[in-house]
Amino acid sequence: MTSPGLTPVLAEPAGTDSGPGGAPARRGPLPVAVLRGLAGLAGLVAVLEVLPHTGLVSADYLPPASETVRTLGTLLAEPAFWTALGDTLTGWGLGLAVAVVAGVVAGVVIGSVPVLRAVTASTIEFLRPIPSVALIPVAVLLYGTDLRSKLLLVVYASFWQVIVQVLAGMQDVDPVAEDTARSYLLGTWGRVRHVLWPTALPYVMTGVRLAATVALILTITAELVIGAPGLGHEIAVAQVSGAVPEVYALVLVTGLLGVAVNLAARAVERRALHWHQSVRTEVTA
């Protein structure tokens, strides 16, 4: 049950499908899925390699995939690349951590008090749709190109992904479970720990997974637009200097980083929800 205006996205953790009656169903053999994914990736690489040679696209604007890979190998040998990668991961990690902690705490507090939820509902619905990039001028005025300007954008964008999911989870608690907790004279902390939190946790993990991706997007955006140190700044410098293969190599790195973040978030989600119906699998003899 969710309140009007909130549109939570509670997705099943990766690697599971629901069978008849909601029971988890095993997917096909993993190697087949992996091979299909690799085949699609190989096809994309082949297209990017051949397309510049056909004359349909100038190699000055879209270098062959082989040249991009060679440029990436050169970048990996440069200390400046690893420094930029570290700056990006630092901004992403700190911003995500602050957003998750603030979102979970605020969501649990607001969701536990009906009056507080009613009072803050309109404020949340007003602030949540504001694009984080609209705050770039404010971030620059306050902090310049400092790390704090990057964190301002990342935290603001990621916070709403978490708190909306937490509030939805807090509202999804079974009333019978709440009545049972009261009959056993559980206090506020006891109800939060044993009733509210287990129900909200799947929503929380979905919010964290979404926030991890949004945080990375805003980190790269802040570096690209504001000029804060990181991969985004390196992309902007390469673009201005006309180093097209380097631009594509850095974009490739950001794409791979996004895949790694998503896989890591899904792994954490599966581990945290190992007890949940959507994650449990039948043990075969």
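The values are calculated or read from the model by the stated rules, or taken from the named source; none is laboratory data. Here the structure is a predicted model, which means the values were calculated and not measured. Cβ: placed from backbone, ideal geometry, glycine included. Neighbour counts: every protein chain shown. Surface areas here come from the heavy atoms of the whole protein model, side chains and all, with no ligands, DNA or RNA. Shrake-Rupley method; radii C 1.70, N 1.55, O 1.52, S 1.80 Å.
Here are a few things to note about the model shown:
- Residues within the range 40-72 that are part of a helix (DSSP H, G or I) and open to solvent by less than 40 Å² (accessible area, probe 1.4 Å), tallied: 6
- Residues that are on the phi > 0 side of the Ramachandran plot, of a type in the set (Gly, Ala, Ser) and open to solvent by less than 80 Å² (accessible area, probe 1.4 Å) occur in the range 137-145; there is at least one.
- Residue match in the range 162-173 (condition: modelled with pLDDT under 90 and farther than 20 Å from residue 207 by Cβ): no
- The range 249-263 - residue that is touching a residue at least 24 places away in the same chain (Cβ under 8 Å) and farther than 11 Å from residue 213 by Cα and, of those, surrounded by the most Cβ atoms within 10 Å (Cβ to Cβ): 250
- Condition met for residue 99 (in a helix (DSSP H, G or I), more than 27 Å from residue 48 (Cβ to Cβ) and open to solvent by less than 70 Å² (accessible area, probe 1.4 Å)): yes
- Output for the range 62-103, where each listed residue is polar (S, T, N, Q) and more than 18 Å from the chain's Cα centre (by Cα): 66, 68, 71, 74, 83
- Number of the exception - residue 9 against (1) open to solvent by 60 Å² or more (accessible area, probe 1.4 Å); (2) modelled with pLDDT under 80; (3) part of a helix (DSSP H, G or I): (3)
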